[in-house]
Amino acid sequence: RFVLPANANLDTVCIGAHNLGSSGHAASVSYATTLNGAFTLFATGQSPTEDTAMMFHIGTSISIREIKITLAGTGDAFIGSVYAGIALQMQRPFFAGHTPLPLSAVTSRYSSMSEGGNFVGEEIRRLGYKTSADWSNLENDWYRFYFQPFVKSARTLPYYFAWNLLQYPLDVGYCKTSEDISPSYGVKTRLNVSFSMVGFG
């Protein structure tokens, strides 16, 4: 349960760095508009089968004072990250060529070989995901007002990313970007921007 210092307009709640899929827990998010008020379901609950990030999003923001996350299941479960706020909606959609984050595994391994060069075994050191995003013809004023604050935040903080929540609601990542994001001018005063991201697995 999270009690905000004052009411805030929210349309998105994200959960990441969890084990809800492997532990067999369902998750739901509810909210109260006043301190100690009645809770209402925020968005449809989810029953993940994997431990990838989840995003709960609604079409219109609500003034919220308290947020409650409820888990249903048996045994131990944990959640390492919860974000809530107004989702940044891009001015232009993706068209073709995007690689969905949950389908783009990046795996670090320890490999063991015998002195004779035979394969002995392999252990996974770290799991993750990697993809990129690019947009073209973003209006200059829109980029500076809406997207540049995200660029500054992404220098030091992770973020949640979904490329098409309506058609692919499971393609959500809890991500970070290792390099600075820089745009370039394309047609007239329109900006193009692209960057790579790594999702925590």
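Those strands (runs of 3 or more DSSP E) of segment 143-201 in which 2 or more residues are touching a residue at least 60 places away in the same chain (Cβ under 8 Å) and farther than 21 Å from C14 by Cα occupy 191-200.
Modelled with pLDDT of 90 or more and in contact with a Ser or Thr (Cβ under 8 Å, 6 or more places away or on another chain), is that true of D134? Show your work before the answer.
Numbers: modelled with pLDDT of 90 or more: yes; in contact with a Ser or Thr (Cβ under 8 Å, 6 or more places away or on another chain): yes.
So D134 passes the test.
Scanning segment 28-41 for residues that are touching a residue at least 40 places away in the same chain (Cβ under 8 Å) and surrounded by fewer than 21 Cβ atoms within 10 Å (Cβ to Cβ) turns up S28, S30. Among residues belonging to segment 42-81 that are over 28 Å from S104 (Cβ atoms) and in contact (Cβ under 8 Å) with a residue 60 or more places away in the chain, point out the one that is surrounded by the fewest Cβ atoms within 10 Å (Cβ to Cβ). If we take residues in segment 42-81 being over 28 Å from S104 (Cβ atoms) and in contact (Cβ under 8 Å) with a residue 60 or more places away in the chain, then K68 is surrounded by the fewest Cβ atoms within 10 Å (Cβ to Cβ).
Within the span defined as segment 165-185, every residue fails to be modelled with pLDDT of 95 or more, open to solvent by 100 Å² or more (accessible area, probe 1.4 Å) and either under 21 Å from V82 (Cβ atoms) or not aliphatic (A, V, I, L, M) (or both).
The values are calculated or read from the model by the stated rules, or taken from the named source; none is laboratory data. Owing to the predicted nature of the structure, the values given are computational and were not obtained by experimental measurement. Cβ: placed from backbone, ideal geometry, glycine included. Neighbour counts: every protein chain shown. These area figures cover heavy atoms from the full protein model, side chains too; ligands, DNA and RNA do not enter into them. Shrake-Rupley method; radii C 1.70, N 1.55, O 1.52, S 1.80 Å.
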